[in-house]
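Below: one structure, written as structure tokens.
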Ligand SMILES: Cc1cc2nc3c(=O)[nH]c(=O)nc-3n(C[C@H](O)[C@H](O)[C@H](O)COP(=O)(O)OP(=O)(O)OC[C@H]3O[C@@H](n4cnc5c(N)ncnc54)[C@H](O)[C@@H]3O)c2cc1C
């Protein structure tokens, strides 16, 4: 079995997010890190590999991003991936979700993995849709927001987080799975693994190497365009229940929770 | 800057003096990230409790060992990380930013416990101790200070005499870090082995006649292990001598030089941690209808401390780089130690001040930082000793 994990370099969580109003893109300057959700995807891959139920020959980390994004790949291999692929090309700059998904799918086609894992969202763009787009191009079944994954021969048994409760779903391989952060507790890379990261194979590819059509990627090849970008609306004020009669207070809290279907 | 003319045929120092590179390498940045994530994820949640209960962080030491952090600057052939001194300093800094007890446990182990074995030990001593030390399974301690020998470290009273192929040791040591934990393997002590002759000798824990005393009740560093040691006819094999006989003075001076880099990193880390806490608190705390971070008096404190940290950090990293390049780093390390110890004390004080009364309450980390900071102007050579070292290097 071969697993590909899609990873992305994003601004570090400690960096305050800013929008560059002229380009209407996220300001990605400043300290960067591997997208935290992707560390859960790598960990999920490692757990399949180490779990011993199926034989995993290879875990391959794949990213599309600017030159600096190789650091995300170094981190991915220090967390256990066997090798990595960096898709980078000036022609890719400004790609929207669909264009990015198409380009990644072209790389994945060449690799023909049995399982593609990725984080359910990136910490910067937060489109949540990459798994579905990639799966569509690869003609593979896909599940999103998976928080439990058991591998069996030729298929997976997954729990996915639904709005209320969980769905338990069986899915045939090959498949594309996007994972939520509740799926596992990612390990820390060891110092030795960090020191050894450069020694693991890293292939850098441009669009021509991957057979990516130039007019389907980049700003020109993207079919969405951002018209304006605004901060999210301020959160509504919470409701404060004064505790005068405790029985009454408990009743109020219970009915508040019931209204929102938060009680099983 | 005063540039010394490099000796003929030595082009390297000149080049690196001129080529100032402020960027960390990718590996250094990744190691810093690992330490930061580990400190935030594993140390931070337990730091207050460990301090309150004065409990040695066995579990964290085990984890740090597994992550390869207990032997960072030593060769892989001995089980070390094969990383440079700067990487090591970055790790100490990130730990001390969250908790000094954990920081000094790793720093004293690496720079004081392991260094003498690595630098002065013969192959069989290294083979015996290095793998366990680098894995963090065994802790090493360095016993220099005595009741009558602190700053005047050469005034060693502990004696060792050769008898039937064994060293017989009598004397006492004071304030020795990592000497009395369940996993402490040995202490490397300085002892008088003859008239005007000081040597270093490895004394394994459990040696009859070697007693580890009760842990001190300290102002800070509560989760770090510090004890008095006594030697009463303790016998160890002659082969436990570290390096050539009579080289003890040179060896401990060299050991302290290196240790100063990591203690400097502790000061930078503590100051940064104090600033982190103070800034977060100042933004949150309201007074007179606005965040106290909007008051100029508070802003001036935050701005000054952040500036001092930036300067002290560069000095510390420079000392580490000089060591990595095989250059003489004694002066820079002493300057860094002097600068960072004072800064840590000041930053902790300002952070408490910014917290007001809450800063005096143990629930707030700055309270612990304040207690932990003071040792940084004392241990590994007091400020006054650093001034002596610096003045001597200046030719004063
Ligand atoms: C928590 C802790 C952990 C420690 N860990 C270790 C360890 O692992 N191994 C180890 O060997 N030691 C350790 N020490 C000891 C530490 O290094 C010494 O305490 C320190 O070097 C100072 O020595 P002293 O306490 O004897 O003070 P003293 O030397 O007695 O100094 C007293 C004062 O006199 C000043 N002074 C002394 N001489 C001069 C001079 N010539 N000119 C001007 N001023 C002078 C000093 O600066 C100081 O202000 C530790 C200490 C503590 C508290």
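Run a plain Debye calculation on region A:2-221 (Cα atoms as equal point scatterers, no solvent) and give log10 I(q)/I(0) at q = 0.08, 0.09, 0.16 Å⁻¹, rounded to two decimals, same order as the q list. Cα-only, vacuum Debye calculation for region A:2-221: -0.26, -0.33, -1.09. Relative to the dominant Cα principal axis of chain A, helix A:97-111 is inclined by about 50°.
Can you pull a Stokes-Einstein diffusion coefficient for the protein assembly as shown at 20 °C (1.002 mPa s), Rh from Kirkwood over Cα pairs, as a whole number of µm²/s? The estimated diffusion coefficient comes to 77 µm²/s. Against chain B, whose longest principal axis comes from its Cα atoms, helix B:296-324 is set at around 30 degrees.
So how far, in whole Å, is the C-alpha centre of region B:347-396 from the one of region A:210-245? That distance is 46 Å. Working note: Cα atoms of region B:206-269, range along each principal axis, descending, whole Å: 41, 30, 14.
Taking every Cα-Cα distance in region B:26-139 and sorting them into 10 Å bins from zero, the calculated P(r) comes out as 15, 49, 28, 8, 0 percent.
What's the ranking of B:306-315, A:219-228, B:161-170 by average number of surrounding C-beta atoms within 10 Å, highest first?
Numbers: B:306-315: 17.2, A:219-228: 11.4, B:161-170: 15.0.
Packing proxy ranking, top to bottom: B:306-315, B:161-170, A:219-228.
Once you reduce region B:27-94 and region A:127-154 to the center of their Cα atoms, the two points are 36 Å from each other. For chain B, modelled as a GNM whose springs connect Cα atoms under 10 angstrom apart, the maximal fluctuation among B:269, B:79, B:185 occurs at B:79. When the P(r) is computed for region B:176-295, the part past 22 Å accounts for 57% of the Cα-Cα pairs.
To the nearest whole number, what is the average tally of beta carbon atoms from other chains within 10 Å of the beta carbons of peptide B:32-43? Could you put the intermediate results ahead of the total?
Numbers: counts 0, 9, 8, 2, 2, 5, 1, 0, 1, 3, 1, 0.
For peptide B:32-43, the averaged partner shielding equals 3.
Computed per residue of chain A from DSSP H runs no shorter than four, each worth -39500 (n - 2.57), the mean residue ellipticity at 222 nm is -8000 deg cm²/dmol.
Translational diffusion of region A:1-75 was estimated from the Stokes-Einstein equation, with Rh taken as the Kirkwood radius over Cα pairs; at 10 °C and 1.306 mPa s the coefficient is 115 µm²/s.
Within 10 Å of each Cβ of A:183-195, how many other protein chain Cβ atoms are there on average? Please report the intermediate quantities before stating the final value.
Details: counts 0, 0, 1, 2, 2, 11, 7, 6, 19, 8, 4, 13, 10.
That works out to 6 on average.
Taking only the Cα atoms of region A:154-206, the radius of gyration and Dmax are 17.0, 45 Å.
Given axes a ≥ b ≥ c from the Cα gyration tensor, I'd like to know whether region B:249-393 is rounded (a/c under 1.5), prolate (a/b larger than b/c) or oblate. Could the numbers behind the result be given before it?
Details: a/c = 3.04, a/b = 2.30, b/c = 1.32.
Note, shape of region B:249-393 comes out prolate.
Compute the FRET efficiency between residue B:24 and residue A:25 as 1/(1 + (r/R0)^6), taking r as their Cβ-Cβ distance and R0 = 25 Å, and round to the nearest 0.05. After rounding to 0.05, the efficiency reads 0.40.
With springs only between Cα atoms under 10 Å, which of A:198, A:252, A:106 fluctuates most in a Gaussian network model of chain A? Among A:198, A:252, A:106, the largest GNM mean-square fluctuation belongs to A:252. Between the helical axis of B:330-355 and the longest alpha-carbon principal axis of chain B there is an angle of about 40 degrees. Taking all Cα-Cα distances within chain B, those exceeding 36 Å account for 24%.
Quick check on packing: order B:208-217, B:284-293 by the mean number of other C-beta atoms within 10 Å, highest mean leading.
Numbers: B:208-217: 14.1, B:284-293: 12.0.
Result, highest mean Cβ count within 10 Å first: B:208-217, B:284-293.
Report Rg/Rh for region B:140-245, rounded to two decimals, where Rg is the Cα radius of gyration and Rh the Kirkwood radius. Write out the running numbers ahead of the final one.
Working: Rg = 13.2 Å, Rh = 13.7 Å.
Expressed as Rg/Rh, it is 0.96.
Taking every pair of distinct Cα atoms and averaging 1/r, then inverting, what Kirkwood hydrodynamic radius in Å comes out for region A:164-264? Before the final figure, lay out the partial values.
Values: mean 1/r = 0.0458 Å⁻¹.
That comes to 21.9 Å for region A:164-264.
Since every read-out is calculated from the coordinates, none of them should be taken as a lab result. All values derive from a computational prediction rather than experimental measurement. Counting neighbours? That spans all protein chains shown, and the Cβs are built from the backbone with ideal geometry, glycine included.
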